[in-house]
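Take a look at the structure set out below.
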Amino acid sequence: MPHENRDDPAVRFERVTKRYGDRTVLDGLDLEVGRGEHVTLIGPSGSGKTTILRLLMTLERVTDGVIHVDGRPFSHMPGGTNGKLVPASERHLAAHRRRIGMVFQQFNLFPHMSVLENVVEAPVHVLGESREDADRRARDLLDLVGLGDRADARPTRLSGGQQQRVAIARALAMRPGILLLDEVTSALDPELVAEVLDVLRDVARSTDITLLCVTHEMGFARDVSDRILMFDRGRIVESGPADELLESPAHARTRAFLGRSGERGRPLR
Amino acid sequence: MWDGEAARAALPAVLEGFGVTVLATVPAFAVAMVLGLVLALVQRAGPAWLALPVRGAAAFVRTTPLLVQLFAAWVLVPALDAPVLGVLVLGTHYATYLSEVYRTGIDAVPKGQWEACTALSLPRRRVWRAVVLPQAVRNVLPPLGNYAVSMFKETPLLSVITVHEMVHEANTFGSTHFAYLESFTLAAGVFLLASWPTSVLVRRLEARLAA
Ligand SMILES: Nc1ncnc2c1ncn2[C@@H]1O[C@H](COP(=O)(O)OP(=O)(O)OP(=O)(O)O)[C@@H](O)[C@H]1O
Ligand SMILES: [Mg+2]
């Protein structure tokens with residue numbers, strides 16, 4: 001796939017292969033996301049979209065190939081003889097993954113902490129912010145996601161949409177340069193989807209964060225994405241500006257996929 | 001048969017023994033909770049060269065009778081007073097059970113919690129302290145309570161190494177006054193009075209956590 005070449009893209013996959021046992025999910029994938037770019041991955045179930053995000057979040061390790069973040073090797077580090085790249089140590093990953101945040105389909109809030117504690121946990125214990133500074137910023141972020149008045153509530157008392165908005169605030173509190181969103185509305189009741197997507201549109205518009213989303217919400221994809229990548233079986237079928245790709249997909253696979261997922265405007269499983 | 005006079009006379013000794021039982025059970029259970037947690041953490045988060053032998057040793061202690069352990073420790077470690085030794089052996093014995101309980105609780109913390117910690121770059125130590133252990137312990141409060149009750153009921157075994165807990169006192173009184181029936185009935189009654197409310201408390205706790 002040709003990409004416009006920028007210096008130091010935020011993310012670069014270089015011939016990345018991921019296998020589970022003898023099942024190859026990604027096979028020599030090349031992928032670039034520019035700084036501040038908003039990219040959405042679409043494609044049928046099992047095509048490897050989540051795998052890409054999980055590799056970036058270091059929840060999985062690459063089988064082969066190298067992931068670069070901000071122009072530096074991320075999945076690997078220089079080592080061994082003559083500076084050859086070797087798989088990154090836990091320490092290397094720990095030092096570099098702070099740049100990246102992730103929001104999960106299932107929210108994964110800490111149920112034994114209040115909403116506010118969820119949001120200040122990482123700024124205080126990872127970034128070393130003072131509790132006061134972290135508190136103040138957490139409250140700003142909770143205002144941003146429309147939950148300023150629920151700071152002291154337990155997450156389990158909140159609706160799914162509210163929980164997901166807390167999860168977004170929690171991720172943003174780490175000031176990530178790159179934010180990964182994996183089907184963040186798929187676990188929500190339909191009537192709660194809009195409030196979460198509105199918050200994300202806001203974030204996309206008002207920050208210079210690099211966004212990498214997986215979604216089945218084509219309307220949202222069109223609104224926030226600079227570019228959409230159509231995936232199938234671990235390969236990029238087609239890539240292009242959001243409007244263009246959604247309006248006039250070049251590839252038959254993309255047409256078929258969009259035709260199907262358009263029926264209900266909701267994900268197909 | 002029942003000699004009310006003897007029963008009344010036995011009461012002070014039995015109650016004093018009861019005090020010793022409580023005094024032994026509380027620190028022994030504290031030892032079990034702390035050591036059990038350490039054993040669980042070593043097995044779940046420690047390096048393999050340490051985790052494997054620790055697992056083996058814990059399994060060994062768990063599967064040998066407490067009575068044998070008490071005797072062995074008493075003979076092998078004469079430097080320690082019987083009550084201290086008793087508390088340590090009792091605590092260690094139960095620690096090997098509690099470590100299994102903690103491990104169950106740790107394993108029940110959903111994978112998503114760990115992944116959220118990674119996504120937030122929380123350091124390992126903080127992940128355990130602030131996220132995993134609080135949830136793991138909450139998961140296993142009812143079984144912890146049950147083990148506290150059963151430890152309390154096993155504390156009389158300490159009498160074999162001359163700790164003057166309640167059953168020992170009842171036995172002594174029984175033999176010196178020929179009033180076994182009275183002294184042991186009293187001891188049993190005190191046990192019942194003490195463990196019944198505790199188990200009710202544990203049940204309540206269980207119900208509240210389940211809700
Ligand atoms: N831990 C794992 N072990 C084995 N196979 C896995 C594992 N995780 C993912 N896979 C497989 O990898 C393939 C790609 O999965 P992935 O979750 O990336 O797909 P996806 O595009 O996100 O799909 P969906 O739209 O259903 O979320 C699937 O076939 C899946 O079964
Ligand atoms: Mg997925």
> Counting only residues 5 or more places away or on other chains, whose amide H sits under 5 Å from the amide H of A:G43 once H atoms are built in the peptide plane?
Replying inline: A:F231
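Students sometimes get this wrong: rank A:R97, A:R23 by accessible area, probe 1.4 Å, all chains present, largest first. Intermediate results must be reported in sequence, preceding the final value.
Working: A:R97 15, A:R23 135 Å².
I get A:R23, A:R97, largest accessible area first.
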>> Please report the spacing between the Cα centers of segment A:55-113 and segment B:1-69 in Å, no decimals.
In response: 45
>> Relative contact order of chain A, please, whole-number percent, based on alpha carbon pairs below 8 angstrom and at least 6 residues apart.
In response: 24
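Taking every residue in B:130-138, how many Cβ atoms of other protein chains lie within 10 Å of its Cβ, on average?
Values: counts 6, 5, 0, 0, 4, 3, 0, 1, 2.
The shielding value for this peptide is 2.
Give me the count of lysine pairs in the protein assembly as shown whose alpha carbons sit under 27 angstrom apart, restricted to pairs 8 or more positions apart or on different chains.
Details: A:K18/A:K49; A:K18/A:K84; A:K18/B:K111; A:K49/B:K111.
Pairs that pass both the separation and distance tests number 4.
Ignore the peptide's own chain and count Cβ atoms of other chains within 10 Å of each Cβ in A:105-113; give me the average, rounded. Can you show the working numbers first?
Details: counts 1, 5, 2, 10, 3, 8, 6, 7, 3.
Per residue, the number of nearby Cβ atoms from other chains is 5 on average.
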> Amide H neighbours of A:G101 under 5 Å, counting only residues 5+ apart in sequence or on other chains, H built in-plane at 1.01 Å?
Replying inline: A:I178, A:L179, A:L180
>> Using each residue's phi in segment B:144-160, evaluate 6.51 cos²θ - 1.76 cosθ + 1.60 at θ = phi - 60° and report the 3J(HN,Hα) Karplus result to the nearest Hz, with x for Gly and Pro.
In response: 4, x, 4, 5, 4, 5, 6, 5, 4, 6, 9, 4, x, 4, 4, 4, 5
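Is there a simple number for the mean count of other chain Cβ atoms within 10 Å of the Cβ of residues in A:120-126, and what is it? Numbers along the way, then the final one.
On the way: counts 0, 7, 7, 1, 1, 9, 5.
Mean shielding count: 4.
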> Ordered by residue, what ³J(HN,Hα) values in Hz, to whole numbers, does segment B:85-96 give under the Karplus form 6.51 cos²θ - 1.76 cosθ + 1.60, where θ = phi - 60° and Gly and Pro are x?
Replying inline: 4, x, 4, 5, 5, 4, x, 5, 4, 6, 4, 5
>> 5 Å is the cut-off here: which amide hydrogens, built 1.01 Å from N in the peptide plane, fall below it relative to A:A153, excluding neighbours closer than 5 in sequence?
In response: A:V115, A:L116
>> Could you compute how much accessible surface A:M113 exposes when probed at 1.4 Å, giving the result in Å² to the nearest 10?
In response: 10
>> Nearest 10 degrees is fine. How inclined is helix B:66-76 to the longest principal axis of chain B, computing both from alpha carbons?
In response: 80
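Can you give me the relative contact order of chain B as a percent, contacts being Cα pairs under 8 Å and 6 or more apart? Walk me through the intermediate numbers first.
Details: 239 pairs, mean separation 70.3, N = 211.
Relative contact order comes out at 33 percent.
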> Under the Karplus relation 6.51 cos²θ - 1.76 cosθ + 1.60, θ = phi - 60°, what is the ordered set of whole-Hz ³J(HN,Hα) values for segment A:206-215, x standing for Gly and Pro?
Replying inline: 9, 10, 9, 5, 8, 10, 10, 10, 10, 7
> Taking chain A as a Gaussian network, where each spring joins two C-alpha atoms under 10 Å apart, which residue of A:E132, A:E195, A:E60 fluctuates the most?
Replying inline: A:E132
> What order do you get for A:13-20, B:82-89 when each peptide is scored by the mean count of other beta carbon atoms within 10 Å, highest first?
Replying inline: B:82-89, A:13-20
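The values are calculated or read from the model by the stated rules, or taken from the named source; none is laboratory data. Just so it is clear, the structure is predicted and the values come from calculations on it, not from any experiment. Every residue, glycine as well, gets a Cβ built from its backbone with ideal geometry; the counts of neighbours run over all protein chains shown. SASA here: full protein model, heavy atoms, side chains in, ligands and nucleic acids out. Shrake-Rupley method; radii C 1.70, N 1.55, O 1.52, S 1.80 Å.
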